[in-house]
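Below: the structure, in structure tokens.
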Amino acid sequence: MAKYVDGFVLVVPKGKEAEYEEMAKMGRESWMKHGALQYFECRGDDLEQQEMGDQKSRAYKEMTGASDDDNVWFSFIVFESKAHRDEVNAKVMAEMDESYSDQVGFEMPNDMRKMAYGGFEVAVEG
């Protein structure tokens, strides 16, 4: 059975990186405790538009609508399969609902309107 990946591209305003990293570390602990195979939070470093042959790629800042005051992050979690992802995510969400039920109006350190999420079946692995 093919591995499965949940992938995220998100925007974190400059000055909120430490707050986001702290939240990401808590997320890592929860996902790994409940069975994720790997967990990555990656801050953008080389995000300029690149030429690829006679074509140009689309820059992440353009794609996300990020400004010069923002950092773009690429994050992903690896699972055994889609079914495994669903099992792990259900446990993580239940834990979060229980742990953070008293935090009404919590403000995320990232702009959720500029976030993209999707599940991906691994087609090539190396």
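Taking first residues from the range 61-77 that are within 20 Å of Asp6 (Cβ to Cβ) and partners that are in a helix (DSSP H, G or I) and aromatic (Phe, Trp, Tyr), the Cβ contacts under 8 Å between residues at least 6 apart in sequence or on separate chains come to Val72/Tyr60; Trp73/Tyr20; Phe74/Tyr60; Ile77/Trp31. Put simply, of Val88, Val72 the only residue that is within 24 Å of Gly15 (Cα to Cα) and surrounded by 12 or more Cβ atoms within 10 Å (Cβ to Cβ) is Val72. Could you list, in sequence order, all residues of the range 42-56 that are outside any strand (DSSP E or B) and either surrounded by 10 or more Cβ atoms within 10 Å (Cβ to Cβ) or polar (S, T, N, Q) (or both)? If the condition is that a residue be outside any strand (DSSP E or B) and either surrounded by 10 or more Cβ atoms within 10 Å (Cβ to Cβ) or polar (S, T, N, Q) (or both), then Gly44, Leu47, Gln49, Gln50 are the ones that fit.
The condition of being under 15 Å from the mean Cα position of the chain (by Cα), surrounded by 15 or more Cβ atoms within 10 Å (Cβ to Cβ), more than 20 Å from Asn110 (Cβ to Cβ) and aliphatic (A, V, I, L, M) holds for Val78.
Given the structure, is Ala66 surrounded by 12 or more Cβ atoms within 10 Å (Cβ to Cβ), assigned to a loop (DSSP other than H, G, I, E, B) and aliphatic (A, V, I, L, M)? Break it down into steps so the answer makes sense when it comes.
Values: surrounded by 12 or more Cβ atoms within 10 Å (Cβ to Cβ): yes; assigned to a loop (DSSP other than H, G, I, E, B): yes; aliphatic (A, V, I, L, M): yes.
For Ala66, the condition - surrounded by 12 or more Cβ atoms within 10 Å (Cβ to Cβ), assigned to a loop (DSSP other than H, G, I, E, B) and aliphatic (A, V, I, L, M) - is met.
Entry remark, the range 91-104: residues being surrounded by 11 or more Cβ atoms within 10 Å (Cβ to Cβ), in a helix (DSSP H, G or I) and at pLDDT below 95 number 5 in total.
Can you confirm whether Gly118 is over 13 Å from the mean Cα position of the chain (by Cα) and either modelled with pLDDT of 90 or more or under 26 Å from Gly15 (Cβ atoms) (or both)? If you could, list the steps in order and put the result at the bottom.
On the way: over 13 Å from the mean Cα position of the chain (by Cα): no; either modelled with pLDDT of 90 or more or under 26 Å from Gly15 (Cβ atoms) (or both): yes.
So Gly118 fails the test.
Taken as a whole, the condition of being over 21 Å from Val92 (Cα atoms) and either of a type in the set (D, E, K, R) or more than 12 Å from the chain's Cα centre (by Cα) (or both) does not apply to Tyr4. Under the condition of being farther than 14 Å from Pro109 by Cα and part of a strand (DSSP E or B), which residue from the range 10-40 is farthest from the chain's Cα centre (by Cα)? The residue in question is Gln38.
Is it true that some residue in the range 21-32 is among the polar types (S, T, N, Q), surrounded by 17 or more Cβ atoms within 10 Å (Cβ to Cβ) and in contact with a helix residue (DSSP H, G or I) (Cβ under 8 Å, 6 or more places away or on another chain)? Among the residues of the range 21-32, at least one is among the polar types (S, T, N, Q), surrounded by 17 or more Cβ atoms within 10 Å (Cβ to Cβ) and in contact with a helix residue (DSSP H, G or I) (Cβ under 8 Å, 6 or more places away or on another chain), which makes the answer yes.
The values are calculated or read from the model by the stated rules, or taken from the named source; none is laboratory data. Small disclaimer: the values here were computed from a predicted structure and weren't measured. Note that we place each Cβ from the backbone using ideal geometry, even for glycine, and neighbour counts take in every protein chain shown.
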